[in-house]
Amino acid sequence: MLLQGKTAIITGANRGIGRAVLQSFAQNGASIFACARNLTPAFLQDMENLAAAFGVSVFPVQLDVTSQESIQAATKAIMQQKLSIDILVNNAGAFPANGLFQMTPCTDIKNVFDTNFFGPMAFTQGISRLMARKKKGSIVNIGSVAGLDGGMGQFAYSASKAALSGATKTLAAELAGAGIRVNTVAPGLIDTDMAAGVRMDIHDTLVQESAMKRLGTPEEVAGAVLFFASELSAFVTGQTLRVDGGI
């Protein structure tokens with residue numbers, strides 16, 4: 001129960017890595033604000049079942065990180081619960097169709113940055129202020145090895161995730177005085193819906209270039225997020241941890 005008594009916010013909590021992090025946090029005793037773009041009946045039922053299974057509180061929150069109005073409304077809804085916020089996991093993101101830089105319109109690049117960088121940073125501004133009141137907190141950004149290594153045909157995605165990793169270092173320095181740690185988990189190719197959008201040749205190359213010769217699982221990424229979110233990493237900040245099977 002590494003997160004007993006803690007309250008966490010997870011964006012993109014409805015599927016893939018976000019859903020795995022949500023379950024891991026619930027298993028470890030956290031109360032959770034589960035943010036998703038659409039609060040579908042299936043999602044709401046899933047959250048109710050999860051809360052009952054682990055005896056924790058799960059609060060579904062509508063959040064579209066590309067909308068400033070939605071970010072403000074979600075932050076207000078979270079504040080209304082009057083809970084101290086201990087953890088923020090910036091997981092919501094988009095993996096666009098592959099395309100070479102010279103053939104990618106700048107509007108498309110901007111749209112990817114809105115989802116993968118500007119939106120999460122806008123949300124983090126508000127939530128970090130709530131954390132600062134308690135003088136303690138952990139922010140975990142979900143980056144990507146693409147943001148560290150680059151990759152042909154992935155300009156917008158790689159650049160947006162590189163920006164996230166860079167922001168992690170600056171935020172770690174700026175927020176340390178408020179007792180807030182900031183780290184990034186950088187997954188490789190993970191067995192999620194997003195991986196299904198990767199071109200087959202790129203998919204096969206990434207698997208073959210990894211030491212473990214397989215896809216990762218969302219639960220394996222969630223384990224790294226749990227480490228950064230918990231007191232196990234109490235003296236760790238400004239770091240990016242690869243979870244990529246040894247690429």
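Values for this structure:
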quantity: In Hz, Karplus ³J(HN,Hα) per residue of the stretch 156-163 (6.51, -1.76, 1.60; θ = phi - 60°; x = Gly, Pro); calculated: 4, 5, 4, 5, 5, 6, 5, 4
quantity: Above-threshold pairs, the threshold being 24 Å between Cα atoms, out of Lys82/Lys136; Lys136/Lys161; Lys6/Lys76; Lys76/Lys110; Lys76/Lys134; calculated: Lys136/Lys161; Lys76/Lys110
quantity: Virtual spin-label span in nm between Thr170 and Thr205, 7 Å along Cα→Cβ; calculated: 3.1
quantity: Radius of gyration and maximum dimension Dmax of the stretch 100-247, Cα, Å; calculated: 16.1, 49
quantity: 5 angstrom amide H check on Ile32, placed H, neighbours 5+ away; calculated: Ala8, Ser57, Val58, Phe59
quantity: Over the stretch 111-170, relative contact order from alpha-carbon pairs under 8 Å, at least 6 apart, %; calculated: 41
quantity: Built amide H within the under 5 Å cut-off of Arg242, gap 5+; calculated: Ala186
quantity: Histogram of C-alpha separations across the stretch 98-167, 5 Å bin width, %; calculated: 3, 17, 23, 20, 15, 9, 6, 4, 2, 0
quantity: Per residue Cα convex hull volume in Å³ - calculated over the chain; calculated: 118
quantity: Per residue, in Å², the accessible surface of the chain once ligands and nucleic acids are set aside, probe 1.4 Å; calculated: 47
quantity: Contour minus Cα-Cα distance for Gln239 and Leu100 (0.36 nm per residue); calculated: 47.1 nm
quantity: Distance histogram for the stretch 1-110 (every C-alpha pair counted, 10 angstrom bins, percent rounded to whole numbers); calculated: 14, 43, 27, 11, 5, 0
quantity: Of all accessible heavy-atom area on the stretch 63-125, the percent that carbon and sulfur account for (1.4 Å); calculated: 57
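The values are calculated or read from the model by the stated rules, or taken from the named source; none is laboratory data. Predicted model only: the values in this text are computed from it and were never measured. Glycine also receives a Cβ, built like all others from the backbone with ideal geometry; neighbour counts cover every protein chain displayed. What goes into the accessible areas is simple: the full protein's heavy atoms, side chains included, and nothing from ligands, DNA or RNA. Shrake-Rupley method; radii C 1.70, N 1.55, O 1.52, S 1.80 Å.
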